[in-house]
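Student: Below you'll find the structure I mean.
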């Protein structure tokens, strides 16, 4: 029992109010939904800066606020360099470059999902169907957020994680059956503003550890474990050298924007000339969000041996426990709402984009569009099934995590965007690209990523738990090389070309 009775009482009240506010916006947005296209990309003209906030809220999730700081608590400054500096810089540059090209192509092909965009861009229904299938890997990301939210809420209510997870699943998947893009932009905007306030509170929460300056702060970490203050951490399995911290993270950062809930966000812009406002708004907020990982350092100084009430904390419990034990009830509750917002904003985007993909790009083609008139009803059924599967996987990860649910999620999500990177890159910036070249590139990315990871290929894959970032980065590089070779061959032969 970590939270006080007063904390628990106020938490129940706050959760009830939060739920009512979200449902209000869901109903408001759902009234405007007349078709599956409205559910997917909305039909309201949102200001560009608001869509930018929605992007920031979607791109930085429970991983950024709850899970990743746990890695920093375990492994120190090497993780800060990797997660708060290298990855964001690569992702922001990639986001700017990709979004501008993607919007032009997206408006030209009138796509509502990533698989549709790829299918229409390359005039291949088979390729679109393939991307519909591999989008199922994104369920692993839903699981990560479910686990993060469950840890935060169960610690705040002193409640059994099983029932908390069940309540989250029923509530979020329930309202996402009706909301869609219109309501999501409303809720994401509120969530992004709350997340910004909370990010600033969290980043400032360790100011007293700097009473003797930065040197004094480093000394405190050094006294716990000298590895915590080194730019690389040989005792970790994620930040052992500069290849893992910089090279792999740059490749991942560049490719990470090729996720459907990130890159298709730009299709909500009804006026493509406002793209700079959209990007400026989104990136400004994300800079603050990515810095939240430094809280992991404060948590490590607070719990040097990770023991609380004679129990050793698991990695995914470190930040929820830090919040519940270190803040007054008032500020603590605001932070918990921010952490919940960080999770829900991405969870909503994932449920929305994944359910649309399954409905439009898997079920409709399988049944030859026989049920086109019932697409909205089918989409609701898909969300129910998604909810059930993610509940079962999330509970398994809460009970038996492999260090952290983040490893499980990264394996799936990285495989997806590794496969998506070449078709989005070539489709945005090259002309006369053959379907064959990008299809082979996508398959190469998946085979190499999973082959290196599970085949324990390379010296990086010899630990009990390994870094999916390394195998994905190798997969992406191989995919680009293979794709470009076939692109050049097919351009010469003028075959397979669209």
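Student: Taking every eigenvalue of the Cα gyration tensor of the range 128-270, multiplying by 5 and rooting it, what semi-axes result, largest first, whole Å?
Tutor: Those come to 34, 24, 18 Å.
Student: While we're looking at this one, here's another question. Label-point separation (nm) for residue 20 and residue 126, each offset 7 Å from Cα along Cα-to-Cβ?
Tutor: 5.6 nm
Student: Under the classification rounded if a/c is under 1.5, otherwise prolate if a/b is larger than b/c and oblate if not, where does the range 68-180 fall, given a ≥ b ≥ c as square roots of the Cα gyration tensor eigenvalues?
Tutor: It comes out oblate by the Cα gyration axes.
Student: Arranged by the count of other C-beta atoms within 10 angstrom, fewest first, what order do 323, 21, 424, 382 take?
Tutor: 21, 382, 424, 323
Student: Okay, moving on. What FRET efficiency comes out for residue 485 versus residue 447 if R0 is 22 angstrom and r is the Cβ-Cβ distance? Round to the nearest 0.05.
Tutor: The pair residue 485/residue 447 has a calculated efficiency of 0.90.
Student: Multiply the residue separation of residue 385 and residue 200 by 0.36 nm, subtract the distance between their alpha-carbon atoms, and state the gained length in nm to one decimal.
Tutor: Contour length minus Cα-Cα distance gives 62.9 nm.
Student: Let's test the formula: R0 of 30 Å, r as the Cβ-Cβ distance of residue 284 and residue 214. What FRET efficiency results, to the nearest 0.05?
Tutor: E(calc), rounded to 0.05, equals 0.75.
Student: Can you bin the chain into rounded, prolate or oblate? Criterion: square roots of the alpha carbon gyration tensor eigenvalues sorted a ≥ b ≥ c, rounded for a/c under 1.5, prolate for a/b above b/c, oblate for the rest.
Tutor: Note, shape of the chain comes out oblate.
Student: Which whole-number value in Å³ per residue fits the convex hull of the alpha carbons of the range 270-379?
Tutor: 189 Å³
Student: If you average the sequence gap of Cα pairs under 8 Å that are 6 or more apart and divide by the length of the range 115-192, what percent do you get for the contact order?
Tutor: The value is 16 percent.
Student: So for the pair residue 311, residue 454, with labels modelled 7 Å out along Cα→Cβ, what separation do we get in nm?
Tutor: Spacing of the two 7 Å Cα→Cβ label points: 3.4 nm.
Student: Further question on the same structure: With the cut-off at 1.5 for a/c, could you classify the range 257-320 from its C-alpha gyration tensor as rounded, prolate or oblate?
Tutor: prolate
Student: What angle, in degrees between 0 and 90 and rounded to the nearest 10, separates the Cα long axis of helix 405-429 from the longest principal axis of the Cα atoms of the chain?
Tutor: Helix 405-429 sits roughly 40 degrees off the main axis of the chain.
Student: By count of other Cβ within 10 Å, fewest leading, how are 421, 131, 162 ordered? Walk me through the numbers before you get to the answer.
Tutor: Values: 421 29, 131 26, 162 14.
If I rank by nearby Cβ atoms, fewest first, I get 162, 131, 421.
Student: Sorted by average packing, counted as other Cβ atoms within 10 angstrom per residue and highest first, what order do 395-404, 339-348 take? Intermediate results must be reported in sequence, preceding the final value.
Tutor: On the way: 395-404: 16.4, 339-348: 27.7.
Descending packing order for the listed peptides: 339-348, 395-404.
Student: Output the 0 to 90 degree angle, nearest 10, between the alpha-carbon long axis of helix 468-493 and the longest principal axis computed from the alpha carbons of the chain.
Tutor: Relative to the chain, helix 468-493 is tipped by roughly 10 degrees.
Student: Counting other beta carbons within 10 Å of each residue's own, what order do 252, 319 fall into, fewest first? It would help to have the intermediate numbers written out before the result.
Tutor: Details: 252 25, 319 32.
With the fewest neighbours first, 252, 319 line up as 252, 319.
Student: A follow-up question, please. Restricting to DSSP H runs of at least four residues, report the calculated mean residue ellipticity at 222 nm for the chain, -39500 (n - 2.57) per run over all residues, nearest 500 deg cm²/dmol. The partial results should precede the final answer.
Tutor: Numbers: 22 runs with 339 residues, N = 498.
Taken over the chain, the calculation gives -22500 deg cm²/dmol.
Here, each number is a calculation from the coordinates, and none is a lab measurement. Because the structure is a prediction, the values reported are computed rather than measured. We place every Cβ from the backbone using ideal geometry, glycine too, and count neighbours over all the protein chains shown.
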